[in-house]
């Protein structure tokens with residue numbers, strides 16, 4: 001049974017989130033970042049020409065967005081009833097994510113977020129639920145715009161999806177110059193730390209029995225955690241450790257990642273858009289050469 005198309009355009013109530021230094025530290029620690037920008041906070045800023053301390057990692061936005069997005073994707077009416085909701089949640093995985101960063105989120109900020117169901121797409125083998133979230137700070141400035149793509153396996157039409165309107169994918173071809181390569185060794189305990197830091201406590205990330213009941217080999221790492229580890233690689237390898245230069249981060253989650261996996265992040269330049277550089281990236285599991293993140297795009301100011 002497919003999702004209820006009447007929910008397209010349905011909006012959530014706004015949620016207010018107060019950013020604390022502790023929440024920033026917890027998230028930065030969960031993704032293994034030691035960037036001093038995230039850990040030094042004095043509440044007063046610093047002299048001109050030096051980055052303000054207390055900035056959250058750009059992907060920290062998921063902390064205040066998750067509750068809203070989850071409220072929408074667990075609406076009983078969206079699924080047609082409580083029994084179908086239960087089945088769909090067991091088959092739900094994070095399919096893709098796209099985030100645009102306009103203003104740094106800092107300790108002491110008050111963030112107001114609002115979400116809506118942007119679209120529901122039939123992918124043949126399942127359906128993709130697209131949820132957009134806009135977050136503003138206490139000054140009314142947009143800090144982040146995100147699009148969450150949640151894929152529910154087994155409820156599609158079985159037909160090949162239409163290709164019109166598909167997003168342009170990041171590609172690596174013979175003319176692309178590899179700019180950086182980074183090895184990520186995924187810690188074996190990362191799913192528990194990331195669940196606590198992000199608030200994403202989906203049991204497929206922390207309970208082996210439930211993960212296997214969902215058709216997985218075992219506990220899998222949060223897609224947003226892998227994207228955040230990749231974000232670290234981009235900031236460290238290409239942006240001289242300055243997270244304020246990252247303006248967009250998006251990718252498709254192509255295959256599950258398991259604790260203990262060794263991943264390879266490759267990044268290359270796709271072109272320019274004004275003064276902004278567009279990077280493509282992909283992440284591969286070293287053991288079996290499977291792409292776990294595909295069609296990655298990052299927009300940066302350098």
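The values are calculated or read from the model by the stated rules, or taken from the named source; none is laboratory data. On a predicted model such as this, the values are computed, not experimentally measured, just so you know. Glycine also receives a Cβ, built like all others from the backbone with ideal geometry; neighbour counts cover every protein chain displayed.
Figures for the structure shown
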quantity	calculated
Some residue of region 223-231 being over 11 Å from the mean Cα position of the chain (by Cα) and modelled with pLDDT of 95 or more	no
Subset of region 265-282 that is touching a residue at least 24 places away in the same chain (Cβ under 8 Å) and surrounded by fewer than 17 Cβ atoms within 10 Å (Cβ to Cβ) - its residue that is farthest from residue 93 (Cα to Cα)	275
Residue in region 191-210 that is outside the structural domain of residue 29 (by TED's automatic domain parsing), surrounded by fewer than 20 Cβ atoms within 10 Å (Cβ to Cβ), in a helix (DSSP H, G or I) and touching a strand residue (DSSP E or B) at 6+ places or on another chain (Cβ under 8 Å) present	no
Qualifying residue in region 253-262 (condition: outside any loop (DSSP other than H, G, I, E, B), in contact (Cβ under 8 Å) with a residue 60 or more places away in the chain and within 20 Å of the chain's Cα centre (by Cα))	yes
Any hit, region 266-277, residues being on the phi > 0 side of the Ramachandran plot and not in a loop (DSSP other than H, G, I, E, B)	yes
Matching residues, region 257-302, being within 15 Å of residue 229 (Cα to Cα) and at pLDDT below 95	none
Answer from 128, 85 - the residue that is surrounded by 16 or more Cβ atoms within 10 Å (Cβ to Cβ) and part of a helix (DSSP H, G or I)	85
Sole residue being outside the structural domain of residue 250 (by TED's automatic domain parsing), assigned to a strand (DSSP E or B) and modelled with pLDDT of 95 or more, chosen from 182, 116	116
Residues of region 217-238 classified as closer than 19 Å to residue 73 by Cβ and either touching a helix residue (DSSP H, G or I) at 6+ places or on another chain (Cβ under 7 Å) or part of a loop (DSSP other than H, G, I, E, B) (or both), total	5
Any hit, region 50-61, residues being out of contact with any helix residue (DSSP H, G or I) (no Cβ under 7 Å at 6 or more places or on another chain) and modelled with pLDDT of 90 or more	yes
Given (1) modelled with pLDDT under 95; (2) within 20 Å of the chain's Cα centre (by Cα), number of the condition residue 212 does not satisfy	(2)
Residue in region 167-176 that is surrounded by 18 or more Cβ atoms within 10 Å (Cβ to Cβ) and modelled with pLDDT of 95 or more present	no
Failed item in (1) modelled with pLDDT under 95; (2) buried (at least 19 other Cβ atoms within 10 Å of the Cβ), with residue 253 passing the rest	(1)
Search result, residues across region 76-103 that are touching a helix residue (DSSP H, G or I) at 6+ places or on another chain (Cβ under 8 Å), modelled with pLDDT of 95 or more and under 24 Å from residue 135 (Cβ atoms)	78, 97, 99, 101
Residue within region 54-72 that is buried (at least 16 other Cβ atoms within 10 Å of the Cβ) and on the phi > 0 side of the Ramachandran plot present	yes
